[in-house]
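The values are calculated or read from the model by the stated rules, or taken from the named source; none is laboratory data. Everything numeric here is computed off the predicted structure, so don't read it as measured data. Glycine gets a Cβ as well: all are built from the backbone with ideal geometry, and neighbour counts include every protein chain shown. Surface accessibility is based on the protein's heavy atoms, side chains included, excluding ligands, DNA and RNA. Shrake-Rupley method; radii C 1.70, N 1.55, O 1.52, S 1.80 Å.
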Amino acid sequence: MWQWLLNLEWDAIIQIIIIDILLGGDNAVIIALACRNLPPKHRTLGVVWGAAGAIVLRVILITVAVALLTVPFLKLVGGLLLLWIGVKLIAPPPDDDDHASVQASDKLWAAIKTIIVADFVMSLDNVIAIAGAAEQADPSQRTGLVIFGLLVSVPFIVFGSQLILKLLDRLPIIVVLGGGLLGWIAGGLIVGDPIVQPYVQRDAYVGYAASALGAAFVVALAKWLEQRRTSVAS
């Protein structure tokens, strides 16, 4: 048992947990909105089963996404999308509100369905980011790492969402570091695409340089957008 735990690729697991916590705040909001009209005795069931259904769906989506990353161009496209997701994490658009369409229900199964469907619609950023993190691991461990990372992060998202939001408000550097992490993963994805590899001498130094460049690009662009919006508003 302990040997199995020691043999896991903990760097990938930690990345998955961080990504899911930073990008999973919406999940807690979705769950709260969908379950707010349920009778008190059904709210816990709605939260638990809705979250469980969303996790199962996300594991399937991420597993498919990891498999598809072997197709030419998809790592390149996924990396570019991940760069923008990182920028949005640090400097979200001022009118970025995806929760208006989440409908509350007083029926347990209707609320669970709402949670699963809404999570599916809003999970593109999580799926791309977690697939990118898992893709760095040994192929035989990827699905297991995804499941393990999601299971560890879910209690934080579902039951600790308010604490996480307060922590992020007090320490905004965490969000900046999270956006940089997405940029880091994106840079590695882009240079790992079969279309790009013939033009890049792929070794450890090139991979690190591309990842560092991706992280720097995300942080720099996000900060520039924030400054531009501030100057326009004033």
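Things worth noting here:
- Positions within segment 189-205 being open to solvent by 40 Å² or more (accessible area, probe 1.4 Å) and touching a residue at least 12 places away in the same chain (Cβ under 8 Å), in sequence order: PRO194, ILE195
- Members of segment 125-142 found to be in a helix (DSSP H, G or I) and either under 15 Å from ILE185 (Cβ atoms) or modelled with pLDDT under 70 (or both), listed by number: ASP125, ASN126, VAL127, ILE128, ALA129, ILE130, ALA131, GLY132, ALA133, ALA134, GLU135, ARG142
- Among (1) at pLDDT 75 or above; (2) open to solvent by less than 40 Å² (accessible area, probe 1.4 Å); (3) within 21 Å of GLY144 (Cα to Cα), the one test that ALA111 misses: (3)
- Filtering LEU221, LEU181, LEU213 for residues that are open to solvent by 60 Å² or more (accessible area, probe 1.4 Å) and out of contact with any Ser or Thr (no Cβ under 6 Å at 6 or more places or on another chain) leaves a single hit, LEU213.
- Residue within segment 48-57 that is β-branched (Val, Ile, Thr) and at pLDDT 80 or above present: yes
- Only a single item in (1) out of contact with any Leu (no Cβ under 9 Å at 6 or more places or on another chain); (2) at pLDDT below 80; (3) in a helix (DSSP H, G or I) is not met by GLN201, and it is number (3).
- For PRO40, the conditions (1) within 20 Å of GLY149 (Cβ to Cβ); (2) modelled with pLDDT under 80; (3) loosely packed, with under 13 Cβ neighbours inside 10 Å are fulfilled apart from (1).
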